[in-house]
Amino acid sequence: MKPLAIFGGTFDPVHLGHLSVAWEAAELLDAEVRLLPASVPPHRPPPAASATQRVAMLRAALHGQSRLTLDTRELERNGPSYTIDTLHELRAEQGDRPLVLLIGADAFAGLPSWHRWRELFTVAHIGVLSRPDVGAVLSEDLQHETAGRWVGEVSTLRKLPAGRLIELAVTPLVISATRIRELLAAGRDPRYLLPAGLFDDTELLAPYRR
Ligand code: ATP
């Protein structure tokens with residue numbers, strides 16, 4: 001059975017960095033990859049675009065391909081969306097299928113601030129995606145928890161439902177939603193940093209324009 005990989009984020013807005021690394025991870029793992037927009041991200045200021053607007057952008061971005069899909073379950077839940085709860089839900093639905101939580105190297109370094117983070121390994125593997133300009137130092141807590149979990153081969157990970165860590169060397173792209181919001185707010189047109197579908201409807205990027 002193909003692993004199921006999930007890639008969560010605020011996607012405020014979804015950009016080519018997200019799509020490109022998710023796509024490459026799908027290829028490297030030979031997995032189904034679902035993008036999961038978060039409703040009220042527990043560790044950050046509220047998104048500039050509403051949940052409905054972020055979903056509309058994701059739908060436009062994913063149009064025309066079927067390797068990356070959209071899962072809006074976190075937006076349908078009340079209150080903050082904790083990854084651990086989502087993973088337990090997916091585990092209940094998927095039986096012993098390998099689950100892989102995909103996270104950028106920056107987010108991985110911040111893992112110890114996540115709700116019940118140690119429990120994540122009991123439900124899923126983690127795939128760490130290269131992200132340039134991160135230079136994050138892994139805390140002792142994180143190093144301690146992850147020592148012995150790293151594997152070098154995708155095949156090892158595919159044999160188990162959860163508990164391993166793998167570095168996924170995807171093409172590094174220095175693109176962030178923060179930078180895109182800044183460009184749009186300044187009246188610029190970041191055409192080739194965003195999926196083309198986001199320019200088909202002028203309303204989609206309106207939340208970021210001043
Ligand atoms: P912001 O600039 O608003 O913080 P972001 O660009 O980091 O946004 P998020 O939606 O916060 O995007 O990120 C969701 C996930 O995507 C995180 O795991 C993050 O590390 C990862 N990610 C985002 N952009 C990239 C990129 N260019 N390369 C690799 N991973 C990325």
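Which condition does T83 not pass, out of (1) in contact (Cβ under 8 Å) with a residue 40 or more places away in the chain; (2) open to solvent by 40 Å² or more (accessible area, probe 1.4 Å), if it passes all the others?
(2)
Considering only residues of the range 66-80 that are under 16 Å from A5 (Cβ atoms) and part of a loop (DSSP other than H, G, I, E, B), which is most open to solvent (accessible area, probe 1.4 Å)?
S66
Can you confirm whether the range 49-60 contains a residue that is modelled with pLDDT of 95 or more, over 22 Å from L160 (Cα atoms), of a type in the set (D, E, K, R) and part of a helix (DSSP H, G or I)?
Within the range 49-60, one or more residues are modelled with pLDDT of 95 or more, over 22 Å from L160 (Cα atoms), of a type in the set (D, E, K, R) and part of a helix (DSSP H, G or I).
Would a scan of the range 63-77 turn up a residue that is more than 16 Å from the ligand (Cβ to nearest atom), more than 30 Å from L205 (Cα to Cα) and not aromatic (F, W, Y)?
No, the range 63-77 contains no residue that is more than 16 Å from the ligand (Cβ to nearest atom), more than 30 Å from L205 (Cα to Cα) and not aromatic (F, W, Y).
Residues in the range 143-165: is at least one in contact with a Ser or Thr (Cβ under 8 Å, 6 or more places away or on another chain) and on the phi > 0 side of the Ramachandran plot? Explain how you work it out, then say what you get.
Going residue by residue through the range 143-165, those that are in contact with a Ser or Thr (Cβ under 8 Å, 6 or more places away or on another chain) are 162-165.
Going one step further and asking which of them are on the phi > 0 side of the Ramachandran plot, we end up with 163.
Checking the range 143-165: at least one residue is in contact with a Ser or Thr (Cβ under 8 Å, 6 or more places away or on another chain) and on the phi > 0 side of the Ramachandran plot.
Here are the criteria: (1) out of contact with any Pro (no Cβ under 6 Å at 6 or more places or on another chain); (2) hydrophobic (A, V, I, L, M, F, W, C); (3) closer than 28 Å to E182 by Cβ; (4) modelled with pLDDT of 95 or more. Tell me which single one A38 does not satisfy.
(4) is the only condition that A38 fails.
Do you know which residues across the range 100-138 are away from the ligand (no atom under 16 Å from the Cβ) and either within 19 Å of L160 (Cα to Cα) or touching a strand residue (DSSP E or B) at 6+ places or on another chain (Cβ under 8 Å) (or both)?
R118, E119, F121, T122, V123
State which residue is surrounded by the fewest Cβ atoms within 10 Å (Cβ to Cβ) when the search covers only the range 132-176 and only residues that are in contact with a Gly (Cβ under 6 Å, 6 or more places away or on another chain) and outside any strand (DSSP E or B).
Per the stated criteria, the residue is L173.
Can you name the residue in the range 28-55 that is open to solvent by 40 Å² or more (accessible area, probe 1.4 Å) and touching a residue at least 40 places away in the same chain (Cβ under 8 Å) and is also farthest from the ligand (Cβ to nearest atom) among such residues?
Going through the qualifying residues, I end up with D30.
The values are calculated or read from the model by the stated rules, or taken from the named source; none is laboratory data. Keep in mind that this is a model prediction, so the values were computed, not measured. Counting neighbours? That spans all protein chains shown, and the Cβs are built from the backbone with ideal geometry, glycine included. Just so you know, the surface numbers come from the protein's heavy atoms only, side chains and all, with ligands and any DNA or RNA stripped out. Shrake-Rupley method; radii C 1.70, N 1.55, O 1.52, S 1.80 Å.
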